[in-house]
Amino acid sequence: MKKITYFLLFTLASIHLSAQVFWTEDFETDGETVRYTSSSVFNDGTNDHYGRTNGSNISGGYVSPNGSWFMAGEDLDDNGGDGSALKTTEFASQNISGMTDIRFSGLFAQGTSGAGGLDGSDYLELSYRIDGGAWVLFMRFTGVSGGSNVGWAEDTNLDGTGDGVALSNTFASYLEDISVSGTTIEIRVVASANSASEEFAYDFFQLDDISGAG
C-alpha cells in the first residue's frame, strides 16, 4: 500500500486532472440501503446522532462541505440509536477490473468543540476489501494524544496516535493511494465516539483510477 496525504483542495483538484474518477459519493441524495448501508442511523437531538444531514439538525458548526449534505456523528451510543458506540457505513462495491493503483479522496472535519471534545480513545477509520476478502485499514483519524478532550488528527502511520494534519470544523481533503489486484472494491467507515461534543463529519468520497497516471 502506498501512502500520500494532501491537505489543500486545489492540490486535490490538480491531481484529478491526471486520473480517472470511477466512483463518487457526495450524499446530496439519500443513498441509504442503496448506495451505502449504515449499521444504525438516528437523530435523538442535536448532540446525539449519526447519519446524513445538511447541518440544520445537529451541532458541530461545520464549514465548507461539498454541496449541502454530508455524514456526521456525535454521542454514538445514545439510546436513541442502537446503543452502540460503534457505527459503520459500508459502500456498494465498485468494479476495479484491470486497475493496479487507485486513489481514495474524501473530506473530513470535527466539530466546533475541537480539542474540547474528541478523546484519544475515539476514532474514525476507513478500510477497503477486494473481492469480498478481509478488510484492510488504510486511513484513520484519532486523538493527537491519549486522554480526554485532545482533538483529532490523521494517524498517518496507523499506530493509534494522530500525528498528521489536525481536523477542524472546516472540511479538508485527505487522500490515500492503494495498490489493487482484483475485480471489485468496497469501502467501509467505522466510527467510535460515545459522548456529547465528540463531533465528526465526512463528505465527498471518490475513487480514481491512477494506474496509468504519470
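The values are calculated or read from the model by the stated rules, or taken from the named source; none is laboratory data. These figures come from a predicted structure and were not determined experimentally. Every residue, glycine among them, receives a Cβ derived from its backbone with ideal geometry; neighbour counts consider all protein chains shown. We work out accessible area using only protein heavy atoms, side chains counted, and drop any ligands, DNA or RNA first. Shrake-Rupley method; radii C 1.70, N 1.55, O 1.52, S 1.80 Å.
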| query | So is residue 197 over 23 Å from residue 85 (Cα atoms), among the polar types (S, T, N, Q), open to solvent by 10 Å² or more (accessible area, probe 1.4 Å) and assigned to a loop (DSSP other than H, G, I, E, B) or not? | reply | no
| note | Checking 151, 162, 106, 111 in turn, the sole residue that is without any contact (Cβ under 8 Å) to a residue 24 or more places away in the chain and within 27 Å of residue 69 (Cβ to Cβ) turns out to be 162
| field | the stretch 26-44 - residue that is part of a strand (DSSP E or B) and more than 23 Å from residue 169 (Cβ to Cβ) and, of those, most open to solvent (accessible area, probe 1.4 Å) | value | 37
| query | For the stretch 45-80, how many residues meet the condition of being modelled with pLDDT of 95 or more, open to solvent by 60 Å² or more (accessible area, probe 1.4 Å) and farther than 22 Å from residue 173 by Cα? | reply | 2
| note | Every listed condition ((1) in contact with a strand residue (DSSP E or B) (Cβ under 9 Å, 6 or more places away or on another chain); (2) within 24 Å of residue 22 (Cα to Cα); (3) not basic (Lys, Arg)) holds for residue 68 save (1)
| Looking at this structure, is residue 33 over 17 Å from the mean Cα position of the chain (by Cα) and among the hydroxyl-bearing types (Ser, Thr, Tyr)? | yes
| said: Quick test for you: out of 83, 51, 73, pick the one residue that is without any contact (Cβ under 8 Å) to a residue 24 or more places away in the chain, closer than 17 Å to residue 193 by Cα and part of a strand (DSSP E or B). | reply: 51
| note | Checked the stretch 157-214 for anything over 21 Å from residue 121 (Cβ atoms), touching a helix residue (DSSP H, G or I) at 6+ places or on another chain (Cβ under 7 Å) and among the small types (Gly, Ala, Ser); matches are 173
| message | Out of 143, 132, I need the residue that is within 30 Å of residue 97 (Cβ to Cβ) and not basic (Lys, Arg). Which one? | response | 132
| message | Which condition from (1) closer than 16 Å to residue 171 by Cα; (2) open to solvent by less than 40 Å² (accessible area, probe 1.4 Å); (3) of a type in the set (Lys, Arg) is the one that residue 87 breaks? | response | (1)
